[in-house]
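A.B. asks: Got a structure for you, written out below as C-alpha cells; questions coming shortly.
The values are calculated or read from the model by the stated rules, or taken from the named source; none is laboratory data. Computed from a predicted structure; not experimentally measured. So basically every Cβ, Gly included, is an ideal-geometry build from the backbone, and we count neighbours across all protein chains shown. Please note that ligands, DNA and RNA were not included when accessible areas were found on the heavy atoms of the full protein model with its side chains. Shrake-Rupley method; radii C 1.70, N 1.55, O 1.52, S 1.80 Å.
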Amino acid sequence: MARVAFIGLGVMGAPIARHLAGAGHEVTVYNRTADKAAAWVAAHGGRSAATPAEAARDQDAVLTCVGNDEDLAAVTLGDDGAFGAMHEGAVFIDHTTVSADIARRLADEADRRGVHALDAPVSGGQAGAENGKLSIMCGGSGKAMTLAEPLMHAYAARTVHIGGPGSGQTTKMVNQIAIAGVLQGVSEALRFAQASELDLDKVLEAISGGAAQSWQLVNRWPTMAKDEFDFGFAIDWMRKDLGLALDEAGRNGALLPMTALIDQFYAEVQKMGGARQDTSALVRRLPK
C-alpha cells in the first residue's frame, strides 16, 4: 500500500481519492476550500493538509485533479507547491484536463527533480469517478506509467499509455472533439425525428442496434427528448476543453472546422442560460 497525496476534491477528485482510500492506501488530501477537505477526512479517513507542499511531503505519489492550467501550476510550482516537497523517485499523476504545454512543462520540471510525471486526463464523467470505472489516457515515461498504474486500478476501468509527456492531454482533446461531433449529430437526429412525429422510443430501439449506436445516443437521447440536462459534465467545462483542442490545432496544423462551429453552438447555449447544464443541452439551440 502506498502513501498518497490527493490535491483537488471536486466532483471528480473526491470520489477518486475515496477509491484510493478504499483500496487501502494512506491518503492525505488538500483542497483550496479547507472545509471540503475536512469533510472528506471525516467521511473516509486519512488526514488533510494545509498546503499542497505539506500534503506532498514524504508521499510515494501525488495526484492532482483541479480546474485549469493556472490552478495546476499553482498547486505544483507555486509557493507551497507540491513539487518543492516531493522526494526523488516519487510519482506525480495529474488527472486535470489541461493544455499539453503545461503537461510537458511539468514533466520537464519533474525530471529535473528526479520525480516521475504522468499526464493522465480521464473520461467517464462524475458517474465514472463515483463507480471507479474511468478511462484514463496517459502521457509520460514508461517508468511513470509503471508506478502509477497500480494506483489507477483503484478507480479505472481502462488505462492506456499513449506515449510521452503531453500525449495524454492531446488524446483527451481527441476524445472531446469526437464527443462534440456525436452530440451535434444526436441533437439534429432527435429534432428531425420529432419533426417527423415519430415514436422516439421506437426510433432509439431501431437505430441503437446499428451503425448509429454510441454512448451518447443510448444514454442521452431519452433525456434530451425530455429536456433533462443535469447529468454532470457542464458546457462551461466542455468549452474549456474544446478551446484547448482548438489552440493545440493552431500549433500542430490540424483543421477542426466542425469543432470550431460546435464550440460556437455551445456559446449560444451558454447565453441561453445553459452554462452549467450538461453537454447534451446542445440540442436546446435547435427549435422543436
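A.B. asks: Take the alpha-carbon centre of the range 1-26, take the same for the range 174-246, and report the distance between them in whole Å.
C.D. replies: Distance between centres, Cα-based: 32 Å.
A.B. asks: Something else now. How do the peptides 74-83, 206-215 rank, highest first, by the average count of neighbouring beta carbon atoms within 10 Å per residue?
C.D. replies: Per-residue mean Cβ counts within 10 Å order the peptides as 74-83, 206-215.
A.B. asks: A further question follows. Once the Cβ-Cβ distance between Asp108 and Asp58 is put in as r, and R0 is 35 Å, what FRET efficiency do you end up with, to the nearest 0.05?
C.D. replies: 0.90
A.B. asks: Next up: Once both labels are modelled 7 Å past Cα along the beta-carbon direction, what's the Ala73-Arg3 spacing in nm?
C.D. replies: 3.1
A.B. asks: Quote to one decimal, in nm, the extra length available between Thr146 and Asp247 on full extension: 0.36 nm per residue of separation minus the C-alpha distance between them.
C.D. replies: Extra length available between Thr146 and Asp247 comes to 33.3 nm.
A.B. asks: What do you get for the angle between helix 142-152 and the principal long axis of the chain? Use alpha-carbon atoms, 0 to 90 degrees, nearest ten.
C.D. replies: 70
A.B. asks: Counting only heavy atoms of protein chains, what accessible area per residue, in Å², does the chain have with a probe of 1.4 Å?
C.D. replies: I get 45 Å² per residue for this part.
A.B. asks: Using a Förster distance of 51 angstrom, determine the FRET efficiency expected from the C-beta separation of Leu261 and Glu26, and round it to 0.05.
C.D. replies: Working from the Cβ atoms, E equals 0.60.
A.B. asks: Output wanted: per-residue J couplings in Hz (rounded whole) for the range 63-75, from phi through Karplus 6.51 cos²θ - 1.76 cosθ + 1.60, θ = phi - 60°, x for Gly and Pro.
C.D. replies: Each residue's phi maps through the Karplus curve to give 10, 10, 8, 10, x, 7, 4, 5, 4, 5, 4, 5, 7 Hz.
A.B. asks: Using a 1.4 Å probe over the heavy atoms of the protein chains, calculate the carbon and sulfur portion of the accessible area of the range 79-221 as a whole percent.
C.D. replies: Roughly 50 percent, rounded to a whole number.
A.B. asks: Can you list residues from other chains, or at least 5 along the same chain, whose modelled amide H is less than 5 Å from the amide H of Ser99?
C.D. replies: It is Asp69, by chain and number.
A.B. asks: Show Arg284, Arg191, Arg251 ordered by accessible area, largest first, where the area counts protein heavy atoms only and the probe is 1.4 Å.
C.D. replies: Correct descending sequence by accessible area is Arg251, Arg284, Arg191.
A.B. asks: Let me ask something additional. Give me the accessible area of Lys143, 1.4 Å probe, in Å² rounded to the nearest 10.
C.D. replies: Only protein atoms counted, so the area is about 110 Å².
A.B. asks: Rounded to the nearest 10 Å², what accessible area does Phe231 have for a 1.4 Å probe in the complete protein model?
C.D. replies: 80
A.B. asks: Roughly how large, in nm² to one decimal, is the mean projection of the convex hull of the alpha-carbon atoms in the chain?
C.D. replies: 15.5
A.B. asks: Any idea what angle helix 215-225 forms with the longest principal axis of the chain, computed on alpha-carbon atoms, 0 to 90 degrees, nearest 10?
C.D. replies: Approximately 60 degrees, to the nearest 10.
A.B. asks: Let me ask you something else. In degrees, nearest 10, range 0 to 90: what is the angle between the Cα axis of helix 257-269 and the longest Cα principal axis of the chain?
C.D. replies: Tilt of helix 257-269: around 90 degrees.
A.B. asks: Another question, if that's okay. May I ask you to order 49-57, 173-181 by the average number of other C-beta atoms within 10 Å around their residues, highest value first?
C.D. replies: Result, highest mean first: 49-57, 173-181.
A.B. asks: To continue, here is another question. Computed FRET efficiency, Cβ-Cβ of Gln126 and Glu197, R0 35 Å: what is it to the nearest 0.05?
C.D. replies: Calculated value: 0.50.
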